[in-house]
Amino acid sequence: MLEGKYAVITGGSRGIGRAMAIEFARLGANVAILYSSNREAAEKTLDEMKVYGVYAYAFPCNVASFEETKNVVEEILKVFPTVDILVNNAGITKDGIMLTMTEENFDMVVDTNLKGAFNMTKHLYPTLMKRKSGRIINMTSVAGVMGNAGQANYASAKAGMIGLTKSIAKELGKRGVTCNAIAPGFIETEMTAVLSEKIKEAAVKSIPVNRMGRAEEIAKLASFLASEDAAYITGQVIQIDGGLCM
Ligand code: NAP
């Protein structure tokens with residue numbers, strides 16, 4: 001379904017990004033993953049991708065940095081002739097109620113989750129424009145759709161991702177580039193592993209499907225959105241949350 005495509009996935013070393021990288025490779029895409037600091041996890045993901053006989057690379061890059069993302073895109077375009085698919089997935093949380101949330105924790109979350117997507121899209125925009133085809137997939141969250149107490153920074157960044165997605169979809173639609181957002185609910189990854197059992201149990205109770213989601217389930221949706229079959233879907237926020245937010 002993605003044979004011969006060139007994909008870039010930020011935050012591809014672990015969790016949802018890792019599942020997407022492996023699924024894209026399984027479907028025939030060559031994949032460059034970006035990660036923050038966990039080289040070991042990135043290498044494990046690379047090994048799993050290479051099993052499928054595709055080109056796979058991992059680059060350390062702080063997506064919050066305009067300079068670093070500019071440089072990494074230059075590096076990627078040395079090993080890939082082009083980029084067809086960009087997945088802005090890298091994300092962090094620094095939870096806390098407004099009373100205790102520091103300016104630093106607000107900025108860090110917005111800079112990684114939202115500005116990171118701006119940075120990568122900005123630097124790959126000329127490539128996608130010239131190519132007249134392509135896919136951008138932004139990882140938002142149900143928190144960006146409905147808000148979440150204790151996550152003002154994260155929900156703001158994820159709501160911003162939705163505005164970014166719709167704007168880019170409007171700008172690039174005529175050029176054959178689609179831009180969509182995926183809004184997961186509670187997915188089992190290291191990001192949610194830090195939540196207490198009590199919070200997780202309460203979350204599961206509020207999910208009609210009665211369980212947390214799996215990273216692989218997000219990867220299936222992302223691979224469809226990345227495919228030619230999804231050419232008529234753009235500017236959408238697709239929730240994948242077991243019915244949590246409706
Ligand atoms: P995760 O398991 O914590 O993995 C985060 C990934 O992002 C890692 O690959 C990490 O790299 C990378 N990363 C973090 N900061 C970065 C930075 N500044 N620059 C580059 N890469 C960076 O997270 P996840 O649960 O898979 O979440 C993936 C995305 O889905 C995030 O945008 C998250 O907000 C969103 N999401 C997750 C859930 C959920 O329930 N898990 C729900 C809704 C939305 P290292 O390995 O080097 O640290």
**Fill in**
Residues in the range 172-192 that are without any contact (Cβ under 8 Å) to a residue 12 or more places away in the chain and either at positive phi or touching a helix residue (DSSP H, G or I) at 6+ places or on another chain (Cβ under 9 Å) (or both) total 0
**Asked** in contact (Cβ under 8 Å) with a residue 12 or more places away in the chain, polar (S, T, N, Q) and within 16 Å of the ligand (Cβ to nearest atom), is that true of ASN153?
**Response** yes
**Message:** Given the criterion of a type in the set (A, V, I, L, M, F, W, C), within 16 Å of the ligand (Cβ to nearest atom) and within 30 Å of GLY134 (Cβ to Cβ), identify the matching residue among ILE199, ILE207, ILE187.
**Reply:** ILE187
**Request:** Taking the residues in the range 197-223 that are surrounded by 13 or more Cβ atoms within 10 Å (Cβ to Cβ), assigned to a helix (DSSP H, G or I) and not aliphatic (A, V, I, L, M) as candidates, determine which candidate is modelled with the lowest pLDDT.
**Result:** LYS200
**Request:** Scan the range 120-137 and give yes if some residue there is near the ligand (Cβ under 9 Å from one of its atoms) and surrounded by 23 or more Cβ atoms within 10 Å (Cβ to Cβ), otherwise no.
**Result:** no
**Message:** Anything in the range 3-18 that is part of a helix (DSSP H, G or I) and surrounded by fewer than 24 Cβ atoms within 10 Å (Cβ to Cβ)? List them, or say none.
**Reply:** GLY15
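Listed here are the residues, each with its yes/no results for (1) more than 16 Å from the chain's Cα centre (by Cα); (2) closer than 27 Å to GLN151 by Cα; (3) touching a residue at least 60 places away in the same chain (Cβ under 8 Å).
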position	(1), (2), (3)
GLU197	yes, yes, no
LYS200	yes, yes, no
LYS205	yes, yes, no
GLU216	no, yes, yes
ALA226	no, no, yes
ASP229	yes, no, yes
**Item:** First in the range 12-38 and at positive phi, second anywhere and more than 6 Å from the ligand (Cβ to nearest atom) and in a strand (DSSP E or B), Cβ under 9 Å, 6 or more apart
**Value:** GLY15/GLU188
**Prompt:** Is there a residue in the range 67-87 that is within 30 Å of GLY176 (Cα to Cα), within 13 Å of the chain's Cα centre (by Cα) and more than 15 Å from the ligand (Cβ to nearest atom)?
**Reply:** yes
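For (1) in contact with a Gly (Cβ under 8 Å, 6 or more places away or on another chain); (2) charged (D, E, K, R); (3) in a strand (DSSP E or B); (4) buried (at least 18 other Cβ atoms within 10 Å of the Cβ), each residue gets a yes or a no:
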position	(1), (2), (3), (4)
ALA25	no, no, no, yes
VAL31	yes, no, yes, yes
SER37	no, no, no, no
GLU40	no, yes, no, no
LEU46	no, no, no, yes
VAL54	yes, no, no, yes
PHE59	no, no, yes, yes
ALA64	yes, no, no, yes
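The values are calculated or read from the model by the stated rules, or taken from the named source; none is laboratory data. Not measured: the values here are computed from a predicted model. Backbone-built Cβ (ideal geometry, glycine too); neighbour counts: all protein chains shown.
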